[in-house]
Every structure is written in structure tokens, then in C-alpha cells.
Amino acid sequence: MSVSPDRNLKEAAPAPPPLGAGTGTDRVAAATAAPILSVNNIEVVYDHVILVLKGVSLKVSKGEIVALLGANGAGKSTTLKAISNLLSAERGEVTKGSIVFDGEEVHARSPNELVRRGCIQVMEGRHCFAHLSVEENLFTGAFTRRDGSAAIRRDVDLVYSYFPRLKERRSSTAGYISGGEQQMCAIGRALMSRPKMILLDEPSMGLAPQLVEEIFAIVGDLNAKEAVSFLLAEQNTRMALKYARYGYVLENGRVVLDGEAKALGENEDVKEFYLGVAEGRRKSFREGKHYRRRKRWLA
């Protein structure tokens, strides 16, 4: 099966700004403007019964990386799916609060409409179309675009410039490439929609430390050079805070802590919970004062 870059591109429309249009100056100026994403006191319920998120609020300024931290089951993925309107596929819904993206409330919009507006999610688990080649996967990311095959081809080449491995494996079937290459393919496919913002869910999951470092470095480059904003849900706290400017800590569906990334990295609670370090030394699991600190956070 092949996917042509010309598919569904006969309809003319104004071209979106090129991926490389952002500059560092633009990002600094944008950071002082209204946030590109504002999540205001949302609650999420599954199956009309199970309350998963409880009054979660956060914001992401244009051109910045924000980390969403927390243990497995804290509500990170649910928060991203609430923003990208993917909850309905899992019998979930936002029952309270509002989500504003790029100046417009998007709760009633479909996921594909949100992608056209510039917000796209890279799902946890490196989801690729396993039976398609790497390059065909990239072309599927441009399905909502109407600016012609030449522009799409240029963006494919731009993706290859950030992910040279994908260029080497462009003809390989995506289901048979490595986990790290699949993660690169998933991020590259998201870039093909020319996003203003990417919701990136657990990019380090199941990858070797060297690959994790490589992928996070590319995310940092995309943010710095292309002015793409990122909301990054991640359990690898050390790596997330290294590249993020701001962070939120989720615990049992609630935001229990937030602040500048540097301040969070120096916070004793964060060190003990997520880095296994407290009072200047590494601690074993048995030494962790989990109940006491958790009780203080949620009081």
C-alpha cells in the first residue's frame, strides 16, 4: 500500500506558515502574550461514574516546553486526551471547566478540527501505521493539509533533517523498525501537520537512555528553531525538567505542585518522590517518607 503526497490536495487553500518560520525573538515576545493553551479547572469522568481528573488547571505559553509530571496513573495521559478531544474513544468526557487553545474554546471541536487549528497529540506507545513505510507514515501526517504536494515534500525533507535515521529507513516498514525509530516517526508525522503545539505523551517509555537523550534533544531543537510549543507528559522527571521551562506535578488526578523547572528540580518533595534523592544523598525505596509527604501535598 502506498500513500501519495497528492492525495486529497486538489482543493486550494491558504498555506499555513512554514515549520521554520519561528525565531528565538518571536518566542520571547510570544511568551509575554496570552498563552497558546489554557486548561481551566477541568474534571474528567469515565463511564459517567469514575472521576479521574479533579480541578486540573495549567497553561502553556507560545513557544515554550511545559512538563506534566507524575507517577503512572496520576492522570497525565487523561489530561492530554482531554485537550486533544480523544476521551470519547475511551468513554470519557470533560464534565466541568474549559479548555482554550489559541484563543478559542475547543471542547466541542473534533480531534481533526483541532489538528487543523495546530494542536496534535503524539500518543503514548509510539503508535505508527505498522504496515506502511516510514515515509508513508509521514505523508499521513499531512492528510489535513491543502497547500499542495511541493510544500509537503519540503516538510518531509525538513523532518529528515531533524531525524536523519528516518531518512535512512524511509523505505522500511514502520512495524519492523526499532522502538526509538518508531518514536521519531510518530513525532515526525505530527510535525507534518505543521503544528503550533504538540502534546507529547511519555516519549521515553521503553527506550534506552541514549535514545531518550537524543529524542529530547530533538524536541528542544524543534522548540528553539521552529517555535513549536510542547506539553510533555513524562515520568522521567530529570529529563523532562532539563528541557522544560515550567512544570506541573499531578497526583491522583490533581495538580499538587507547579513552578519553574529549575525550582521543581531543587524541590525536596520532587527529589524524594521522583528522583530518589533527599537531603543531598540518594535514598532507597524503603527510606522514602511516601505517606507523610503525600499527605502534606494533598492536605
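Rounded to the nearest 20, the size of the Cβ-charge dipole of the range 230-270 about its Cα centre is 200 debye, with Lys and Arg at +1 and Asp and Glu at -1. Assuming charge only on the beta carbon of Lys and Arg (+1) and of Asp and Glu (-1), the dipole of the range 66-141 about its Cα centre is about 220 debye to the nearest 20. Each of ILE50 and THR144 was given a label point 7 Å from its Cα along the Cα-to-Cβ line. The distance between the two points is 2.7 nm.
For LYS271, the aspartates and glutamates whose Cα falls under 18 Å of its own Cα, not counting residues fewer than eight places away in the same chain, are GLU234, GLU251, ASP258, GLU260, GLU279, GLU287.
Is the shape of the range 129-263 best called rounded, prolate or oblate, per the rule: a/c under 1.5 gives rounded, else a/b larger than b/c gives prolate, else oblate, with a ≥ b ≥ c the square roots of the Cα gyration tensor eigenvalues? In terms of gyration-tensor shape, prolate. Which residues does a label at ASP157 reach in the range 171-201, if reach means a backbone N under 17 Å from a point 7 Å past the Cα toward the Cβ? Only 192 fall inside the zone, counting backbone N under 17 Å. Extension gain, GLU260 to THR173: 0.36 nm times the residue separation minus the Cα-Cα distance gives 27.2 nm. For VAL45, what charge total do you get from the other residues with a beta carbon under 12 Å from its beta carbon, if Lys and Arg give +1 and Asp and Glu give -1? Computed value for this residue: -1. The dipole here belongs to the range 202-279: it is taken about the Cα centre, uses +1 on the Cβ of Lys and Arg and -1 on the Cβ of Asp and Glu, and is about 180 debye.
Once the 1.4 Å probe is applied to the protein heavy atoms, the range 103-246 comes out at 40 Å² accessible per residue. Under the criterion of Cα pairs below 8 Å and six or more residues apart, the relative contact order for the range 201-256 equals 33 percent.
The values are calculated or read from the model by the stated rules, or taken from the named source; none is laboratory data. Keep in mind that what you see is a predicted model, and the values were worked out from it rather than measured. Ideal geometry is used to build each Cβ from the backbone, glycine not excepted, and the neighbour counts take in all protein chains shown. These accessible areas exclude ligands, DNA and RNA; they are computed on the full protein's heavy atoms, side chains included. Shrake-Rupley method; radii C 1.70, N 1.55, O 1.52, S 1.80 Å.
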